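S.K.: Got a structure for you, written out below as structure tokens; questions coming shortly.
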Amino acid sequence: MLSRRDCLKLAAVASALPRAQMCAARESFPTTVAPRVDRAFRTPGAAPNGLQATSEGLWILDQATNRVALVRFSDGSVIRQFDTGTDRGSGITFDGSALWIASTYNRLLVRVDARDGHTLKTLPSPGAGLVKWGPRAAHPQPTGAHGLEWRHGELWVAVPPAVQIYVVNPEDGRVLRSFAAPGVRPHGIGWDPDGSLWCAESIYRSFFKMDPSSGRILQQVMLPPTEPIASGEVLQPHGMTIWNGEFWFSVAETGEVYHLPLPRG
């Protein structure tokens with residue numbers, strides 16, 4: 001049974017839905033609540049903060065250990081894992097031959113070998129700075145990139161301090177273009193089969209579908225008000241990727257991965 005305090009927390013989350021729907025109406029995009037969330041498995045590390053789906057398996061970046069694991073979608077069993085030279089990273093993607101990691105606390109984008117994790121290249125994170133949520137004492141130092149994706153030879157980067165999504169030249173780190181990210185805490189990003197970009201927003205507990213050419217929000221999918229939940233606390237999405245018609249997202253506080261269907265149509 002939930003305590004009164006926990007119930008009040010859940011009620012506060014539920015009360016955000018009408019406000020979000022009103023905002024969606026003003027901005028002319030539909031908002032829906034996901035019908036369910038399914039737990040997939042517990043990850044090898046304590047704080048999974050970045051996910052990337054590939055045909056070989058699911059890549060997971062752990063922020064607590066700076067380790068990367070490639071696991072099976074079916075049960076989370078490890079195919080391989082290794083250390084990296086990153087600093088409390090928050091995002092990971094695959095460019096076809098190597099991994100890119102958003103090394104958040106030293107504000108770098110790091111390309112690493114997909115077999116053993118040794119560093120191949122480093123670039124500065126665009127948009128690094130102080131985040132815009134919570135008390136300053138809780139977030140005293142500048143940080144950088146979170147969600148990463150690779151597409152057509154370009155690196156797409158979600159950066160919470162700037163509340164922007166950047167498209168970066170992976171050769172020299174130049175910003176090619178950018179647009180505003182949804183909310184105040186954009187995290188994981190992933191590609192819809194129709195070519196749109198989805199961005200997980202942790203504080204809103206939502207996934208926003210965006211036009212990648214303009215950044216215009218096309219749709220919002222909210223997590224259910226009481227799912228997922230642990231010890232009376234509703235959980236926030238962190239790393240996110242898309243695989244087989246579903247969102248897959250990680251919860252850093254519990255070390256778990258969940259999934260839910262992409263909206264149809």
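S.K.: Among Arg205, Arg39, Arg111, whose mean-square fluctuation peaks in a Gaussian network model of the chain (Cα, cutoff 10 Å)?
M.R.: Sorting by GNM fluctuation, first place goes to Arg39.
S.K.: So for the chain, taking the charge dipole from beta-carbon charges (+1 Lys/Arg, -1 Asp/Glu), which of Leu120, Gly173, Val184 sits furthest toward the positive end?
M.R.: Val184
S.K.: While we're on this one: Could you give me D for region 54-117, from Stokes-Einstein at 25 °C and 0.890 mPa s, where the hydrodynamic radius is the Kirkwood radius over C-alpha pairs? Units µm² s⁻¹, please.
M.R.: Rounded, D is 211 µm²/s.
S.K.: OK, next. I want to check the label-to-label distance for Thr65 and Asn244. Put each point 7 Å from Cα in the C-beta direction and report it in nm to one decimal.
M.R.: 2.4
S.K.: Counting each pair of different Cα atoms once, what's the Kirkwood radius of the chain in Å, rounded to one decimal?
M.R.: Answer for the chain: a Kirkwood hydrodynamic radius of 18.3 Å.
S.K.: What's the angle, to the nearest 10 degrees (0 to 90), between helix 4-27's Cα axis and the longest principal axis of the chain?
M.R.: Orientation of helix 4-27: about 80 degrees from the principal axis.
S.K.: Now a separate question. If amide hydrogens are placed 1.01 Å from N in the peptide plane, which non-local residues have theirs closer than 5 Å to the one on Leu155?
M.R.: The answer is Val168.
S.K.: Please check: in the Gaussian network model of the chain (C-alpha springs, under 10 Å), which one of Ile60, Ile189, Ile242 has the largest mean-square fluctuation.
M.R.: Looking only at Ile60, Ile189, Ile242, the biggest GNM fluctuation is shown by Ile242.
S.K.: Can you list the residues of region 130-163 with backbone N under 17 Å from a point 7 Å past the Cα of Asp172, pointing along Cα to Cβ?
M.R.: 154-155
S.K.: Select from Ile217, Ile203, Ile101 the residue whose mean-square fluctuation is largest in a Gaussian network model of the chain (Cα-Cα springs shorter than 10 Å).
M.R.: So, out of Ile217, Ile203, Ile101, the one fluctuating most is Ile203.
S.K.: Sticking with this structure for a sec: Would you work out the charge dipole size for the chain about its Cα centre, treating the Cβ of every Lys and Arg as +1 and the Cβ of every Asp and Glu as -1, and quote it to the nearest 20 debye?
M.R.: Details: 26 positive and 24 negative charges, 148 e Å.
Result for the chain is approximately 720 debye, rounded to the nearest 20.
S.K.: What FRET efficiency do you get for Asp113 and Asp75 if R0 is 25 Å and r is their Cβ-Cβ distance, rounded to the nearest 0.05?
M.R.: 0.45
We did not get these values from a lab; they are worked out from the coordinates using the rules stated. Remember, it's a predicted structure, so these values are computed and weren't measured experimentally. Virtual Cβ from ideal backbone geometry, glycine too; neighbours counted across all protein chains shown.
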